[in-house]
Structures are given as C-alpha cells and as structure tokens.
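Below is one structure; the comments refer to it alone.
The values are calculated or read from the model by the stated rules, or taken from the named source; none is laboratory data. Everything numeric in this text was worked out from a predicted model, so none of it was measured. Positions of Cβ are backbone-derived with ideal geometry, glycine not excepted, and every protein chain shown enters the neighbour counts. Remember, those area values only see protein heavy atoms, side chains included, never the ligands or the DNA or RNA. Shrake-Rupley method; radii C 1.70, N 1.55, O 1.52, S 1.80 Å.
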Amino acid sequence: MDDQFDLVIRKGAVVLIDQVRQLDIGIRNGKIAALGENLAYSEQTPTYEAENLVILPGMVDAHVHFNEPALGHWEGFATGSASLAAGGCTTYIDMPLNGVPPTVRFSALKQKLEAAEGNSVVDYALWGGLVPGNIGHLQELAEAGVIGFKAFMSCPGGEGEDIFAEVDDLTLVEGMREIARLGLVLALHAESEEMVAKLAAEAREEGKRGALDFAATRPIAAELEAVNRALFYAEQTGCKLHFVHISSAEAVHVITDAKARGLDVTVETCPHYLVLTSADLEQQGAIAKCAPPLRTAHDQERLWQELAAGRLDLLASDHSPCPAAMKQGEFIEAWGGISGAQSSVELVLDEGHLRRDVPLPLLARLLATEPAKRFGLYPRKGQIALGADADLALVDLKMSYTLQASDLLYRHPHSPYVGKTFGCRVKATFLRGNQVYELHEGVADKTEGAWLRHAAVTGGVHSG
C-alpha cells in the first residue's frame with residue numbers, strides 16, 4: 001500500500017530547494033517516499049514529531065581531514081563521523097592528507113578504506129591527491145572511485161618522506177590535463193608558495209612570531225595570485241576546478257568572472273571565515289590558526305555579501321584537527337587547522353539566518369545541495385525530494401545554548417567555538433531514514449555509513 005512507511009516525520013518546517021513548507025515526510029527503504037500535509041499511514045507506523053523544528057537536507061561536508069591511515073590518533077573515522085552526525089551532517093568527503101601514506105596511489109586508498117570500513121556513522125566519499133610524481137596513478141584512483149583530486153599550491157607542512165607535497169607548475173598543468181581526461185574535478189588550496197615563503201622568512205628574520213604576524217605572511221594577494229594562475233591553466237587544459245576555503249571577496253570576484261567566461265569552476269568558503277576574524281585569532285591564539293588565515297571584520301562582511309548575492313557555491317568545514325599539544329607553545333610553530341565540523345550547520349544557521357536573515361533555502365543549497373551536485377552525489381544526496389536518501393537534519397531555531405568542550409565528540413575536544421552562544425541547535429539527524437543522532441540520547445551505537453564510490457564512466461555514485 002502507498003500509505004505504508006517505515007517512518008513518518010511529522011509537521012516539520014521542511015526546507016526545499018526554493019521554499020520552506022510544513023510537511024510530513026514519509027520514509028520507505030531509506031528513501032523519501034512521500035511529502036505532503038497530513039500523510040496517511042497505518043497505526044503501526046513509527047513517527048517522529050517535528051513540529052516547531054526546521055528540517056534541512058543533511059549537510060554534505062566536502063572538506064574534512066580525518067587523517068587516516070596511521071594518524072587516527074589525531075581524529076579518525078569513528079570520532080570524526082560521530083561529531084558530524086551530532087552536527088547535522090550525513091555525508092562527508094575525506095581529504096587525501098594528512099594520513100600516512102597520503103591517498104595518492106591505489107595502495108594508499110585501500111588502506112584508507114580499510115580504516116573507514118565499519119567505523120563511520122554517516123556516509124562518505126574520498127578525495128585522491130595530485131602531488132609531484134603521481135600523475136601516472138590518477139587513473140587507477142579514478143577507476144577505484146575517488147570523487148576528485150586535491151592539490152596544494154603552497155606547502156602543506158609536515159615532515160618525512162611520505163607526506164603530501166605541493167605541486168610545481170608543470171605538475172599542476174599536466175595533472176589538470178589528465179584530470180580533465182578522466183572527467184573529474186581538481187580541488188585546489190590556492191596560495192602562492194613563493195609569496196608566502198618569502199614573507200614568512202622575512203617575518204622570522206625580524207622576530208615577528210605572533211598571531212597577526214602570521215596572518216600578514218599569508219595576505220589576500222597570495223590567494224589572488226594562485227587563483228589567477230590556476231584559472232589560466234584551467235583555460236589551457238579544460239580541467240574542472242574547485243577552490244577550497246577561499247577567504248576573500250576579491251578571489252570570489254575573480255572566480256565569478258571566470259565562470260562568466262565559461263570555465264567550469266566552483267568556490268567554497270568555510271564557517272570560520274564567516275564567523276571568526278583576525279581579532280579572534282589574536283585573542284584565542286593557535287586554536288584559531290588556519291591557512292589561509294582569518295581575515296578582518298571588513299573582509300568578512302564582504303564575504304557575507306558574496307554569499308547573499310549567490311556568488312559562493314558551497315560551504316565546507318575544512319575540519320583539520322590535531323592533538324591539543326600541537327596547539328600549544330609558540331604560535332608560529334603551532335599546527336594550522338581548525339576543528340569545527342560538529343558546529344558547521346549551527347554556525348551557518350545562527351549567523352546566516354538568525355542574525356542576517358539569509359533565507360533557509362539558500363543556506364541549505366550551500367550546505368547540502370550544491371556540494372552534492374558538484375561532486376556527483378546528487379540527486380541521491382543533498383535535497384529533500386521524492387526518491388532521495390532520507391538524510392535529514394532537524395534543528396530547533398529557538399534553542400539557545402553555549403557550546404562547552406564536553407559537548408564536542410572530536411577525539412581531541414578543542415575548538416575556537418567553545419564558549420560561543422548559539423541561537424539554534426541540532427536536535428536529531430537521520431541517515432537514510434535511520435536516526436543516527438538525538439540531542440538527549442547522543443550518537444546511535446551503530447556505524448552503517450557507506451562508501452559512496454564515484455562511477456567516473458556514468459558520472460554517478462554507488463555504495464562500494
């Protein structure tokens with residue numbers, strides 16, 4: 001019978017592509033089987049009462065670092081995916097670094113998959129990496145199912161032989177040509193290594209080692225130079241580009257102009273650039289250190305203007321955790337990465353919708369729909385629509401709370417958002433119709449997250 005469901009979520013304010021409507025959601029076999037007011041269902045059907053809650057498509061976080069294999073003691077799939085579930089995220093794409101070895105060959109991909117198997121609360125896809133010397137391995141990674149490739153135009157840091165290295169210009173051009181042939185996307189960390197390295201050396205010589213000194217070594221100009229260079233190479237090779245964690249409106253403008261010229265390019269920013277500023281970096285210290293660095297309040301305001309105007313494509317956490325000891329000591333030597341994946345949805349809804357009145361459908365598109373589309377996960381992921389996976393984040397927009405370290409599910413519970421008061425809170429998260437998180441019960445004691453293996457030939461995905 002059409003009215004038989006495995007679960008009905010009742011009377012929530014459902015965020016659709018272009019509107020918000022109070023609807024019931026009927027779920028069958030992990031999919032959204034019906035949407036409507038006052039759905040008919042049998043008395044035996046389980047229900048979840050969502051009145052006074054907003055229901056968004058589960059976040060698709062296209063940028064997390066869980067550091068597997070070998071560095072799971074930094075985060076790992078188990079705690080990383082649990083924190084995402086608690087934050088309303090139902091799908092993530094894990095970066096090829098900082099695992100040892102990085103995911104730049106098929107053998108390393110196998111090690112990462114072994115670490116993920118049976119340990120993820122929510123669904124996941126994987127990035128491959130482009131580094132000097134591995135262009136001949138890109139095809140095997142694509143055929144194995146990576147979602148795309150990631151490269152650094154500046155030094156990612158790290159020590160030892162088997163680390164993720166930045167690309168030189170020749171590797172970048174030849175890699176773009178191969179990735180274009182494979183039909184996948186190249187994600188780029190765009191900062192000029194030449195400019196950043198020179199400024200950092202000058203700062204060291206002058207004894208400038210504080211938070212704002214660090215920020216000054218990675219100026220917006222370094223971001224702009226790298227973005228422009230990458231776009232030029234993309235024009236020559238036909239490679240699809242995705243710029244990760246862009247921190248400035250100036251770079252967004254350049255990318256927008258490239259889109260107008262016909263380039264297939266997208267741009268991402270992160271909640272920390274929309275919520276924190278260089279003043280927070282100076283106040284909080286290394287806990288808020290990242291690259292590119294946090295910008296000024298003026299820069300942040302301009303980034304919000306780009307978001308509201310529809311010129312940003314997606315939001316991602318760039319969750320880059322480390323043991324707490326690596327955030328201590330002299331600022332310039334501290335690990336550069338922000339732990340924030342659990343708070344992404346709440347940060348964006350609090351600052352974007354509650355404080356700035358950005359429409360919920362726009363924020364849902366940035367958090368879920370557009371990343372799913374860009375990386376081949378749509379229409380299965382990223383939307384509340386018939387036939388899509390029943391991946392849902394239920395949020396109370398009137399529940400204010402102050403984040404405590406004890407709320408965090410990361411392996412190392414530190415974050416620049418500890419002590420921040422949010423005007424909303426994730427109440428529950430559903431993955432393919434199964435409740436994987438509830439505020440008062442915590443994360444479900446099951447790890448049924450599936451690998452979403454990219455099918456390069458068809459452009460779709462399937463569970464691997």
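A few notes on this one:
- Here segment 46-133 is treated with +1 on each Lys and Arg Cβ and -1 on each Asp and Glu Cβ, and its dipole about the Cα centre works out to around 420 debye.
- Qualifying trypsin sites (Lys or Arg not before Pro) for segment 167-215 [loop in DSSP, other Cβ within 10 Å: at most 14]: Arg209
- Only one of (1) 22.9, 72; (2) 21.2, 75; (3) 26.0, 88 was calculated from the structure for Rg and Dmax of the Cα atoms in Å, and its label is (2).
- Those aspartates and glutamates that a straight Cα-Cα span of less than 13 Å connects to Lys398, excepting residues fewer than 8 apart in one chain: Glu51, Glu346, Asp350
- For segment 29-141, carbon and sulfur atoms together expose 48% of the accessible surface, with a 1.4 angstrom probe and every protein chain in place.
- In straight-distance terms, cross-link reach from Lys112 covers every one of the lysines whose alpha-carbon lies under 23 Å from its own, apart from those fewer than eight places away in the same chain; here that gives Lys150, Lys381, Lys446.
- Mean-position separation - Cα centroids, segment 182-217 and segment 292-308, in angstrom: 19 Å
- Once the Cα atoms are used to define both axes, helix 249-260 deviates from the longest principal axis of the chain by about 80 degrees.
- Solvent-accessible surface of segment 48-202, averaged per residue with a 1.4 angstrom probe and all protein chains in place: 31 square angstrom.
- Helix 297-308 and the longest principal axis of the C-alpha atoms of the chain enclose an angle of approximately 50°.
- Of all lysines in the structure, the ones whose alpha carbon falls short of 22 Å from that of Lys198, not counting any fewer than 8 places away in one chain, are Lys208, Lys289.
- Bins of 10 Å from zero: percent of alpha-carbon pairs in segment 316-464: 10, 32, 36, 19, 3, 0
- Solvent-accessible area assigned to carbon and sulfur over segment 360-402 amounts to 54 percent, based on a 1.4 Å probe.
- For the peptides 74-82, 301-309, 217-225, the ranking by mean Cβ contacts within 10 Å, running from highest to lowest, is 74-82, 217-225, 301-309.
- The GluC sites (Glu not before Pro) of segment 1-64 that meet both conditions, a loop assignment by DSSP and at most 16 other Cβ atoms within 10 Å of the site Cβ, are Glu37, Glu43, Glu51.
- Annotation: Cα Rg of segment 199-238 relative to the compact-globule expectation 2.2 N^0.38 Å equals 1.62.
- Computed extension length for Ala279-Lys208: 23.8 nm, one decimal, from 0.36 nm per residue of separation with the Cα-Cα distance subtracted.
- Here is the P(r) of segment 1-145: all C-alpha pair distances, binned every 5 Å from 0, give 2, 9, 15, 15, 13, 11, 10, 10, 8, 5, 2, 0, 0 in whole percents.
- Accessible area per residue, Å², segment 218-373 with all protein chains present, probe 1.4 Å: 32 Å²
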